[in-house]
1. By how many nm would the segment from residue 114 to residue 150 lengthen if fully extended, with 0.36 nm per residue of separation less the alpha-carbon distance?
2. Figure the gain on full extension for residue 140 and residue 23 (residue separation times 0.36 nm, minus the Cα-Cα span) and round it to one decimal in nm.
3. How large is the Rg to Rh ratio of the range 77-145 when both quantities use alpha carbon positions and Rh follows Kirkwood?
4. For residue 59 and residue 96, FRET efficiency with R0 = 41 Å and r from the beta-carbon atoms, rounded to 0.05?
């Protein structure tokens with residue numbers, strides 16, 4: 001009997017209710033997997049929200065362009081940069097490029113500025129949720145036997161990696177004359193661009 005008690009003393013005692021290292025690592029692994037799934041879902045929701053914001057911004061700018069056309073009889077023809085587009089819609093640039101001081105056709109309070117609150121407001125532009133300027137391309141359609149018509153393409157380059165090139169004007173507006181004039185090229189349409197057209 002004494003010998004049996006001695007063997008009991010030498011055996012390691014296991015605490016009741018404690019977890020083993022394997023059990024703890026398994027639980028931590030499951031938690032890490034769940035956290036990854038949740039974060040990935042949040043990233044997807046953020047992407048959808050950013051795209052919706054860009055579409056809303058483009059719609060607002062497109063409405064401003066139509067108001068500009070009603071006010072001046074044509075779109076801003078010389079607005080080659082995002083800064084010039086903003087200047088035109090704020091009533092500071094005429095369709096042919098002359099500097100003017102007229103009424104605004106767009107209140108840009110709902111759009112994000114590249115440099116909000118800067119002293120030189122005339123050198124500012126509107127940016128999409130990814131921090132890139134909204135792009136505006138004006139073109140003339142010349143269909144044989146008809147008067148030329150002017151159109152535009154307004155777009156965001158969307159979410160892109162740092163190494164991805166932005167589309168050129170030739171990619172966005174495939175042709176500027178003939179029956180297919182002003183057709184948006186297929187290459188940028190299948191990329192990350194978000195469009196608003198008249």
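Taken together, the values in this text are just the output of simple stated rules run on the coordinates, not laboratory data. It should be emphasised that the depicted structure is a prediction, and the values quoted were computed from it without experimental measurement. Because the Cβ atoms are built from the backbone with ideal geometry, glycine has one as well, and the counts that use them run over all protein chains shown.
1. Numbers: separation 36, 0.36 × 36 = 12.96 nm, distance 2.83 nm.
Here the segment from residue 114 to residue 150 would lengthen by 10.1 nm.
2. On the way: separation 117, 0.36 × 117 = 42.12 nm, distance 6.97 nm.
Extra length available between residue 140 and residue 23 comes to 35.1 nm.
3. Values: Rg = 13.6 Å, Rh = 13.1 Å.
Using only Cα positions, Rg/Rh for the range 77-145 is 1.04.
4. Numbers: r = 26 Å, r/R0 = 0.64.
After rounding, the FRET efficiency stands at 0.95.
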